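The structure under discussion appears below in the form of structure tokens.
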Amino acid sequence: MCLTIREFRPPSRRYAVWFQSARTGLHRGIAVFAVLFLSAAEGGLQREIECLARNIYFEARFEPEEGRRAVAHVVLNRVADGRWPGTPCRVVAEGYPDAGELCQFSWYCNGRPNRPRRDESWRDAKRLAHRVYWGRSHDPTDGALWYHADYVKPVWRHALRRGPQIGRHIFYYDPLPPRAPGHRSI
């Protein structure tokens with residue numbers, strides 16, 4: 001399946017401007033090439049996709065496919081949000097080593113080796129990471145930025161709006177929906 005420039009999702013906030021100009025400008029091919037080149041040069045395109053795949057693998061490998069995609073989309077939703085770092089690897093690593101056991105994703109700082117077994121689960125995680133990264137997957141969370149497993153009860157969940165439960169994960173949104181531009185409180 002070939003993606004048009006309209007379907008192409010930016011891999012990070014940094015390149016969102018390029019995508020916008022590519023959608024409306026005359027030099028679409030040049031803009032898309034520049035985005036891919038700059039993205040690969042900054043930290044390695046494959047490295048970013050592998051970080052996403054590792055998060056899928058360690059956070060959700062035993063979940064149904066929709067649950068694995070949902071976990072991947074949370075990472076990219078954070079990439080697109082200004083409160084988190086602008087690449088999947090930086091989002092996954094956020095908090096380490098300063099946060100101790102409070103990393104954004106527990107597998108990243110739990111002290112265990114972070115090398116996936118080269119099995120079907122790892123191949124599937126890489127396949128899904130490619131699909132999600134390149135915008136070939138619907139976000140089953142509809143923009144969630146947080147989640148936790150259903151067998152834990154983190155305190156922070158009370159400050160957020162609860163979203164769907166997909167598999168063993170419960171997803172969350174910002175506490176207040178975004179306001180329309182020009183909206184004023186009375």
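Readers should treat all values here as calculations from the given coordinates under stated rules, not as data from a laboratory. Keep in mind it's a predicted model, so treat the numbers as computed, not measured. For neighbour counting, all protein chains shown are included, and Cβ atoms are generated from backbone atoms with ideal geometry for every residue, glycine included.
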- Could you give me the percent of Cα pairs per 10 Å distance bin for the range 44-173, shortest bin first, beginning at zero and ending with the bin that holds the maximum distance? 13, 47, 35, 4
- Near R161, within a Cβ-to-Cβ distance under 12 Å, what is the net charge of the other residues, with Lys and Arg +1 and Asp and Glu -1? 0
- Message: Check which residues have an amide H placed less than 5 Å from G163's amide H, if you skip close sequence neighbours.
- Response: F171, Y172, Y173
- Task: Obtain the nm distance between the two label points defined at R161 and H130 by a simple spin-label model: each point lies 7 Å from its Cα along the Cα-to-C-beta direction.
- Result: 3.6 nm
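Counting other C-beta atoms within 10 Å, which of H169, H158 has the fewest, and how do the rest follow?
On the way: H169 21, H158 9.
Ascending Cβ contact count within 10 Å gives the list H158, H169.
Would you mind calculating the gained length between S121 and E94 on full extension (0.36 nm times residue separation, minus the Cα-Cα distance), in nm to one decimal? Working shown, then result.
Values: separation 27, 0.36 × 27 = 9.72 nm, distance 2.44 nm.
Gain on extension, S121 to E94, equals 7.3 nm.
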